[in-house]
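Working notes, beginning with the structure itself.
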Amino acid sequence: MDAATLLTVIVLAVFVGFEVVSKVTSKLHTPLMSGANAIHGIILVGAIIVAGQTTEPLLLTVALIAVVLATANLVGGFVVTDRMLEMFRGRKAKATPTNGDTA
Amino acid sequence: MNILSPEWTAVLYLIAAVCFILALKGLSSPKGARRGNLIGAAGALIAVATVFLSTRFENVPLILAAIAIGSAVAVPIARRVQMTQMPQLVAGFNGVGGGAAALVAVLELAHAEDPWIRLAIVFTMVIGAVSFAGSTVTVGKLQEVISTRPLIFPGMRWVMSIVVIATLVTSGFVIATGAWEWAIAVLLIGLVAGLLLVLPVGGADVPIVISLLNAFTGLAVAASGVVLGNILLVVAGTLVGASGTILTKAMASAMGRSVAGIIFGAFRGGSTAGSTEQSDRPVKSATTADVAVQLGYAQNVIIVPGYGLAVAQGQHTIAELATSLEARGVTVSFGIHPVAGRMPGHMNVLLAEANVPYESLKELEEINAEFKNADVVLVVGANDVVNPAAKTSPGSPIYGMPILEVGQAQQVVFLKRSMRPGFAGIENELLFDPKTTLLFGDAKDSLTQVLGAVKAL
């Protein structure tokens with residue numbers, strides 16, 4: 001990857017990052033933070049690459065620790081975000097009959 | 001395996017990157033949020049499958065075992081954690097991600113000939129280590145294992161300056177020589193810097209720091225992408241870094257604070273600690289029966305829940321109170337300040353967990369227009385977010401913070417632990433207003449009693 005391409009990609013990604021969250025409702029700040037947190041768990045890809053390239057036991061051990069940590073970030077992050085959002089959605093379904101009762 | 005050509009690898013990484021963008025986009029609106037998160041998870045799955053299929057790897061069984069261990073540890077925790085402990089969990093996951101990025105960078109040092117690549121490695125190591133150590137401290141503070149008060153010691157400013165210089169010097173050696181020993185030194189100093197950065201931050205500002213460290217980890221991941229020549233890591237990391245920065249700014253401004261003020265406030269001796277003096281001016285206190293009558297015979301009630309409710313874990317009780325008031329024909333809505341709870345947006349999650357309909361949760365601007373039509377406002381465990389000083393006294397530390405204007409309602413009832421001022425350490429004039437009554441006690445206990453009294457009406 002040459003430097004100019006890299007710079008282009010980074011600058012565009014910064015703008016996309018700014019743009020997608022600029023209108024987020026404050027109600028969703030916690031799930032959004034948690035979701036963004038899960039996304040950077042993609043460092044797992046980097047950890048897999050370094051673990052797959054070494055045969056030296058010490059380096060391999062460190063790389064495998066990185067794989068464990070990155071997996072925890074990635075998988076745990078998506079699971080817990082889903083759990084939060086499920087409540088946001090599931091409640092609507094439950095709310096409808098309750099409203100019907102009082103009306 | 002070498003199944004995928006470089007072209008297909010690039011296409012699949014692009015698809016994964018698009019998934020992440022759609023995930024963040026989806027998370028910005030309640031409608032598409034859950035689907036957005038699932039799209040993000042799908043993108044991650046595509047990316048991990050792609051890396052296995054595109055490169056000739058050693059140690060595949062060991063790597064798969066490590067992934068299994070990571071999942072086996074994280075999934076049960078993510079499933080079982082209480083919603084009130086969400087901030088700790090997010091901080092914890094963020095910390096391990098930062099740690100992973102730092103380790104990846106160290107391991108790549110052996111392959112890095114180009115000084116620019118070594119610069120990216122050092123950047124990843126420092127930011128990753130700061131994020132790891134900083135997140136660990138935030139988890140400690142949120143669990144109250146570490147004091148939530150700002151921890152400062154004499155000469156801290158000097159220690160911090162020395163740490164910054166040491167980071168720069170050791171980083172310079174790594175870039176110049178690529179030596180292991182210096183890289184380890186950089187990591188250790190990065191850890192110390194992370195500790196020093198977060199220890200002086202006061203309890204209520206910790207969530208902002210979590211968000212900031214989240215953005216930091218994003219940047220570390222992006223830099224590691226530069227090191228590995230992996231475009232997906234660059235895009236995903238930059239996305240999180242950029243969106244995390246915006247989110248941090250949005251949260252800080254909802255608290256009327258600047259990010260720099262939060263991080264460096266304690267160093268400058270700013271007043272983030274707050275006063276703990278009790279006021280002895282007279283207030284009107286009420287009994288649970290009084291409050292129950294006020295609420296039960298009102299037409300329009302607005303509930304303003306705050307940090308105290310989250311601490312007392314009273315979200316289910318307050319939801320039940322709202323339901324039984326609605327059964328009596330009272331219109332109930334919730335006015336949620338953006339920073340109510342233990343992290344921004346946290347109160348919405350807690351009330352959602354307690355099955356409060358999403359439509360009843362009103363944001364600041366929306367609810368401020370409705371206070372003048374409210375018969376009673378019930379403020380539970382909140383103080384600074386309803387303090388009119390934010391609008392009226394320019395000298396006050398919270399001046400300029402957007403507040404919920406509960407003073408416009410006919411009557412205001414505060415459920416409070418004590419007369420101690422809130423986190424910002426300033427008295428709330430509203431407490432002494434003739435239309436205000438106070439019910440003292442633990443938020444959950446008070447709510448349970450009021451609920452019982454309302455049911456008995």
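Any read-out appearing in this document is the output of simple, stated calculations on the displayed coordinates, not a laboratory observation. Quick caveat: nothing in here was measured; it's all calculated off a predicted structure. Methodologically, a virtual Cβ is constructed for each residue, glycine included, from the backbone with ideal geometry; neighbour enumeration extends over all protein chains shown.
State, to one decimal in nm², a quarter of the convex hull surface area for the C-alpha atoms of chain B, i.e. the direction-averaged projected area.
Details: hull surface 94.7 nm².
Average projection, Cα convex hull of chain B: 23.7 nm².
To the nearest whole number, what is the average tally of beta carbon atoms from other chains within 10 Å of the beta carbons of peptide B:334-347?
The shielding value for this peptide is 3.
State the antiparallel share, in %, of DSSP beta bridges confined to the protein assembly as shown, rounding to the nearest 5.
Roughly 0 percent of the beta bridges in the protein assembly as shown run antiparallel, per DSSP.
Which of the peptides B:159-169, B:96-106 is most tightly packed, and how do the rest follow, going by the mean number of other Cβ atoms within 10 Å of each residue?
B:96-106, B:159-169
What FRET efficiency do you get for A:LEU59 and B:PHE440 if R0 is 51 Å and r is their Cβ-Cβ distance, rounded to the nearest 0.05?
0.25
What percentage of all Cα-Cα pairs in the protein assembly as shown are separated by more than 33 Å?
Tail of the P(r) past 33 Å holds 44 percent of the pairs.
More than 17 Å apart: what percent of Cα pairs in the range A:29-84 qualify?
On the way: 637 of 1540 pairs.
Everything past 17 Å amounts to 41 percent.
Please compare each pair in A:LYS23/B:LYS31; A:LYS23/B:LYS416; B:LYS362/B:LYS455; A:LYS23/B:LYS391; B:LYS31/B:LYS141; B:LYS249/B:LYS416 to a cut-off of 23 Å on the Cα-Cα distance and tell me which ones are over it.
Long pairs (Cα-Cα over 23 Å): A:LYS23/B:LYS416; B:LYS362/B:LYS455; A:LYS23/B:LYS391; B:LYS31/B:LYS141; B:LYS249/B:LYS416.
Considering every residue in B:251-258, what mean count of other chain Cβ atoms within 10 Å of its Cβ is obtained?
Mean shielding by partner chains, rounded to a whole number: 1.
Give me Rg/Rg_expected for the range B:89-274, where Rg uses Cα atoms only and Rg_expected = 2.2 N^0.38 Å with N residues.
1.02
Say each of B:ALA176 and B:ALA72 gets a label point 7 Å from the Cα, pointing the same way as Cα to Cβ; how far apart are those two points in nm?
Between B:ALA176 and B:ALA72, the label points sit 4.7 nm apart.
So how strong a dipole does the range B:288-455 carry about its Cα centre when Lys and Arg Cβ are +1 and Asp and Glu Cβ are -1, to the nearest 20 debye?
Working: 11 positive and 17 negative charges, 60 e Å.
The dipole of the range B:288-455 has a size of about 280 debye.
What is the mean number of Cβ atoms from other protein chains located within 10 Å of the Cβ atom of each residue in peptide B:211-219, rounded to a whole number? Let's see the in-between values first.
On the way: counts 5, 0, 1, 6, 4, 1, 6, 6, 1.
Partner Cβ neighbours, averaged per residue: 3.
Label A:LEU7 and B:MET419 with points 7 Å out from Cα along Cα→Cβ: what is the distance between them in nm?
Going by the 7 Å Cα→Cβ label model, 6.4 nm.
Note down the Stokes-Einstein diffusion coefficient of the range B:333-430 in µm²/s, whole number, using a Kirkwood radius over alpha carbon pairs, 25 °C, and 0.890 mPa s.
Estimated diffusion coefficient is 175 µm²/s.
Which aspartates and glutamates have a Cα less than 20 Å from the Cα of A:LYS27, not counting those fewer than 8 places away in the same chain?
Within the straight-line cut-off, A:LYS27 pairs with A:GLU19, A:ASP82, A:GLU86, B:ASP205, B:GLU353, B:GLU359, B:GLU363, B:GLU365, B:GLU366, B:GLU370, B:ASP384, B:GLU405.
Run lengths n ≥ 4 of DSSP H only: what is the helix-derived mean residue ellipticity at 222 nm for the protein assembly as shown, with -39500 (n - 2.57) per run over all residues, to the nearest 500?
Dividing the helical sum by the residues of the protein assembly as shown leaves -21000 deg cm²/dmol.
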